[in-house]
Each structure stands twice: as structure tokens, then as C-alpha cells.
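First the structure, in the form of C-alpha cells, and then the observations on it.
Any read-out appearing in this document is the output of simple, stated calculations on the displayed coordinates, not a laboratory observation. Since we're looking at a predicted model, the values are computed, not measured. Cβ atoms come from the backbone with ideal geometry, glycine included; neighbour counts cover every protein chain shown.
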Amino acid sequence: MQSSIAKVSPKDQGFTSIATPVPSVSRGGTCGIVLPDATKEKVIAIKKGDAIALPFGAVTWWFNPSDAEFVFVGRAWDLTEDEAKKLVHNQTNVGIVKVKDGQGMPEPSAKDREGMVVNCLEAPLDVDIKNGGCVVVLNTKNLPLVGEVGLGADLVRLNGHAMCSPGFSCDSAYQVTYVVRGSGRVQVVGVDGKRVLETTVKGGCLFIVPRFFVVSKIADADGLEWFSIITTPNPVFTHLAGKTSVWKAISSEVLQAAFNATPEMEKLFRSKRTSDEIFFPPPK
């Protein structure tokens with residue numbers, strides 16, 4: 001199992017290739033995809049918010065036909081030696097290249113998007129909390145191809161000064177999180193209760209949450225938005241606060257013993273956050 005996030009920025013007439021299994025697009029352009037064993041490429045018009053599932057072995061190219069910056073988070077040719085050298089050495093640049101003026105590129109096909117792309121900004125919200133935040137989860141329900149990729153993802157938008165409940169992946173998945181925009185604080189705690197990360201993040205930051213580690217986030221005034229690749233196609237999370245908190249399901253006696261708390265403190269603890277979901281709006 002491999003996962004990766006890449007940030008690549010082809011400028012006007014820029015052309016590149018990447019091998020990220022679940023790229024997330026924060027602007028627009030064109031993507032060409034050749035799936036394993038395919039005899040023809042798929043050419044897709046991509047826009048802000050698109051998430052694309054790429055099976056292992058897929059070959060891709062990315063083209064920015066306009067002057068707007070394009071960003072996304074991501075052998076045998078049967079030629080003679082001389083022919084191969086001529087083909088390869090004609091392009092002196094690597095990674096991102098400038099397409100010559102007048103050079104034609106394949107036109108995108110709306111049909112090629114089917115089953116390959118979900119736009120996270122247009123998809124139905126899995127969670128939507130007023131003044132708290134919202135989330136779209138990318139899984140086998142809305143993009144079945146992620147089952148083949150073996151990865152899931154989510155796009156989370158946290159409102160200003162709101163908090164995301166502490167929680168962890170209960171199916172032993174890793175989370176690779178890229179902060180798209182905004183700023184805030186992130187705290188990660190290990191299985192031994194030791195804090196392994198507490199830092200301020202902003203757009204462009206990336207961090208990893210190991211399996212079973214608890215993570216929580218608090219947004220600054222301008223909010224916080226992040227995109228996470230998760231090493232399972234159908235991620236499931238356990239939350240430690242809010243009305244769905246695992247603590248709410250545990251008996252009073254066990255909770256008292258776990259915290260070495262009095263019955264009064266246990267009742268006070270259980271009485272809090274009885275109506276809040278996983279996002280907590282800022283205190284009034």
C-alpha cells in the first residue's frame with residue numbers, strides 16, 4: 001500500500017505528469033489518464049474541488065491551457081535506439097514542460113469523467129454543522145474505483161474558531177493531511193497518551209497521523225480547510241467528544257474507573273456535548 005500527495009503547479013501552457021493515487025484539484029485544467037491494460041486514454045476536464053481515483057499503474061498527464069495557475073494535490077515503445085534518443089532528447093525540460101504555441105492537445109470528454117472523478121465542492125455533504133463545519137468523504141459509495149486503489153479521502157471545512165472533535169481511525173488507517181487554505185492548530189496524541197504534535201498550520205502544510213493516534217483541530221478566525229488521503233477505501237472514525245463520543249456508550253462505573261473520577265464528576269462529564277456532532281461551533 002502506498003499513498004502520496006503532490007503539489008505541482010503547471011503555469012500557462014504547462015504540461016506535466018504525476019503518480020499520486022488520489023489527486024485533489026484546487027484549480028482547473030485537463031487530465032489525461034491511461035488505465036492499466038487500456039488501449040485508449042481518458043481525457044478529462046478538471047476543475048476546483050475534483051478528486052480523481054487513479055489505480056496503481058495508471059499513467060497520467062496534466063495540462064493547463066490557460067494563464068490561471070493549475071495546482072493539484074498526487075515502457076516498451078518498440079522503437080530503435082536512435083528513434084528513442086531522438087524522441088526523448090527533443091524535450092530538454094523534465095517534470096513540467098512548456099507546450100509550444102499551436103501545439104494541439106486532446107479535447108476533454110464528459111463521458112470520461114464518469115466513475116473517475118467526484119467534485120468535493122458539489123457532492124452531497126456527509127456532515128454539515130451550522131457554524132461548525134462540513135465534510136465530504138470519498139469512498140466506494142460515491143467513487144467505487146477507490147476500492148481498487150485501496151485509499152479513501154475526505155475534504156473538511158472548519159468554520160472560524162470552530163473545533164473538530166478529537167478522534168482516530170478505528171480501522172488502523174494512516175491519514176496524510178494537506179491543509180488547503182486557512183489556518184489553525186493541530187494536536188496529535190499517541191496511543192500511550194503522549195502528545196506527539198502540537199503546532200499551528202496554514203495553507204500548504206502537510207502532516208501525517210499514524211494509525212490509532214488521536215487528532216484534533218481548531219480553526220483560526222479565517223477557518224481551516226484540509227484534504228486527507230486515508231489508507232482504506234471506506235474510512236471509519238471513532239470520536240472522543242460530542243453526542244457520538246465513544247465515552248457516551250461506556251457504563252458509568254467503567255468511566256469512573258478509567259478516569260479515577262467521582263460519580264459527580266462522571267455525571268458532569270457525561271452531561272456535556274450531548275447535542276453537538278463532530279464539529280463544535282465557537283463558544284458564544
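Can you order the peptides 270-280, 220-230 by their average number of other Cβ atoms within 10 Å per residue, highest first?
Ranking the peptides 270-280, 220-230 by packing returns 220-230, 270-280.
Arrange the peptides 146-156, 35-45, 124-134 so that the one whose residues have, on average, the most other Cβ atoms within 10 Å appears first.
Order by mean packing, descending: 146-156, 124-134, 35-45.
Could you pull out the trypsin sites (Lys or Arg not before Pro) across region 204-256 that fall in loop regions by DSSP (anything but H, G, I, E, B) with no more than 13 other Cβ atoms inside 10 Å?
Passing sites in region 204-256 are K243.
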